[in-house]
Amino acid sequence: MTQLLIRTPSRLHFGLLGWGPHCPRQFGGVGLMIDTPGIELTVELAEDWQAEGRLADRALRVAERLVTAGVDLPPARIVIHHAPDEHVGLGVGTQLSLGVARLLLRLAGHHEPSAATLAELCGRGLRSGVGLHGFARGGLIVDGGRRTDDGIPPLLAHLDFPPEWKVLVILPGPHGGLHGSAEVQAFAQLPPTPEDVADRLCRLVLLGLLPAVLERDLPTFGAALAELQERVGRCFAPAQGGIFARPELAAIIQGLEAEGLHGAGQSSWGPTLYAFSNESDGRRAQILDTICDRFHLPEGSAFWTSVSERGAVVSAGRS
C-alpha cells in the first residue's frame, strides 16, 4: 500500500513590518525556517477518513476543507508522528495544514501545487507569508505583505543561511501566545505602526539583516535583529503587556545576550525564544547548560538546531 511521509520545518517569525492606513501593504514580515522541532506525518489510502496522533482533529479539518472546496480526494489515514505544541510561535498551524494538503493531493495523483495554491486551499497566509514560503524553500524569508484582502503575501527575498550559524531555541511554556479570535481582536485594537517605525523596520531588513547574512556577519545580523525585535515589540506592547509576552522572557533574553549570543528575541506572540551563535559545539553546549540552570528550564525545552535548507521534504512512508 502506498504511504507518503512529509517532514516540515518549524518557523521563527522575527516581526511584522507595518500595518495601518498609511502602509501601502499590510503586515509584511521576516522570519526563518528551522529543522527542529518540525512536524512529521504520513498518509495512506484507507476505507474511510482517519487521523491519529497529536493534532489529529486539525489534520482532519484540513482534509474536510479540501473536499468541501471540490478537490477530488480518496479517503486516507493520516498519522502525525511528531508535532510541537500549537500557538507557541513556531507556525505549527501553517506547516501542518500545508503538509497534510500536499500529501493528500500527491496521494490522489494531482499535480504538485505551489505553496501559494496550498495556502489558498488551506486558508493560511492571512497575515504572514513567512511560513508558507518557508514551507517550500526553507532559509530566511521576507514577504511583502498584502495589498488587498485577497491573495497571498508575495515572496520578496529568500536567502540560504550560513550553516555555521546555529540557532538556540527555548520553549519556556506553559502559556501560548495569542491566536484565533483573541489575535484578531488584538490586531483590531492595536494602533497603526507609526510611519517612521515602519520605515526603520524595512531599512533594518533591507540594509541590515539581508546583507549581513550574505556577508556572514553575525554581529551585524544580531544587532539589526535585536533592534527590529525591540521596535516591533513596542508596537505590540499594548496587546501583550510589554516588549515581550511575559516579564520572565525578557530576563531570559538578557541572559542570552550576556552569554554572547546574537539576535536574541521572541518568535511571533511567543513564548518561543531564539538566539544565534557561530561558536564551537563545546562552547554552545556550555551556554545551553548555563541558561538551563540559571532559568530552571525543564529538560528538553531548550536546544540547538540548524536552519532548514530545503523546507518540507516528501518521501516514501515508514516501512
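The values are calculated or read from the model by the stated rules, or taken from the named source; none is laboratory data. Since the structure is predicted, the reported quantities are computational estimates derived from the model, not experimental observations. Glycine also receives a Cβ, built like all others from the backbone with ideal geometry; neighbour counts cover every protein chain displayed.
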Item to complete: Might you check whether a residue that is part of a loop (DSSP other than H, G, I, E, B), of a type outside the set (D, E, K, R) and within 30 Å of Pro211 (Cα to Cα) occurs anywhere in the range 91-98?
Response: yes
Worksheet item: Which of the residues belonging to the range 128-168 are touching a Pro at 6+ places or on another chain (Cβ under 9 Å) and surrounded by fewer than 21 Cβ atoms within 10 Å (Cβ to Cβ)?
Response: Gly144, Arg147
Discussion item. Condition first: modelled with pLDDT under 95, under 30 Å from Cys202 (Cα atoms) and touching a helix residue (DSSP H, G or I) at 6+ places or on another chain (Cβ under 7 Å). Can you find one or more residues in the range 63-82 that meet it?
Written reply: no
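So is Ile141 at pLDDT 95 or above, under 20 Å from the mean Cα position of the chain (by Cα) and outside any helix (DSSP H, G or I) or not? Please lay out each step first, then the result.
Values: at pLDDT 95 or above: yes; under 20 Å from the mean Cα position of the chain (by Cα): yes; outside any helix (DSSP H, G or I): yes.
Here the answer is yes, as Ile141 does meet what is asked.
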Item to complete: Output yes when any residue across the range 252-259 is in contact with a helix residue (DSSP H, G or I) (Cβ under 8 Å, 6 or more places away or on another chain), without any contact (Cβ under 8 Å) to a residue 40 or more places away in the chain and more than 17 Å from Gln229 (Cα to Cα), and no when none is.
Response: yes
Discussion item. Which residue is surrounded by the fewest Cβ atoms within 10 Å (Cβ to Cβ), if the candidates are limited to the range 265-294 and must be polar (S, T, N, Q) and closer than 30 Å to Phe27 by Cβ?
Written reply: Ser277
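Is it the case that Gly177 is modelled with pLDDT of 95 or more, touching a Phe, Trp or Tyr at 6+ places or on another chain (Cβ under 7 Å) and of a type outside the set (A, V, I, L, M)?
When the stated conditions are applied, Gly177 does not pass them.
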Practice prompt. Could you look through the range 240-264, keep only residues that are touching a strand residue (DSSP E or B) at 6+ places or on another chain (Cβ under 9 Å) and either charged (D, E, K, R) or part of a strand (DSSP E or B) (or both), and pick out the one that is surrounded by the most Cβ atoms within 10 Å (Cβ to Cβ)?
Written response: Gly263
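For the range 1-35, give me each residue that is in a strand (DSSP E or B) and of a type in the set (Gly, Ala, Ser).
Of the residues in the range 1-35, the ones in a strand (DSSP E or B) are 3-18, 26-35.
Scanning the range 1-35 gives Ser10, Gly15, Gly18, Gly28, Gly29, Gly31.
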Worksheet entry | Neighbours by Cβ (under 6 Å, 6+ apart or cross-chain): first from the range 290-302, of a type outside the set (Lys, Arg); second buried (at least 17 other Cβ atoms within 10 Å of the Cβ) and not in a helix (DSSP H, G or I) | Cys292/Ala302; Ser301/Leu171; Ala302/Ile170
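Please work out if Ala237 is buried (at least 20 other Cβ atoms within 10 Å of the Cβ), in a helix (DSSP H, G or I) and small (Gly, Ala, Ser).
No.
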Worksheet, complete the sentence: Of the conditions (1) farther than 30 Å from Ala275 by Cα; (2) touching a strand residue (DSSP E or B) at 6+ places or on another chain (Cβ under 9 Å); (3) crowded, with 16+ Cβ neighbours inside 10 Å, the single one that Gly53 does not satisfy is (3)
Discussion item. For the range 103-117: of the residues being part of a helix (DSSP H, G or I) and at pLDDT below 90, which is surrounded by the fewest Cβ atoms within 10 Å (Cβ to Cβ)?
Written reply: Thr117
Practice prompt. Identify, by number, the condition in (1) charged (D, E, K, R); (2) at pLDDT 95 or above; (3) crowded, with 23+ Cβ neighbours inside 10 Å that Arg124 doesn't meet.
Written response: (2)
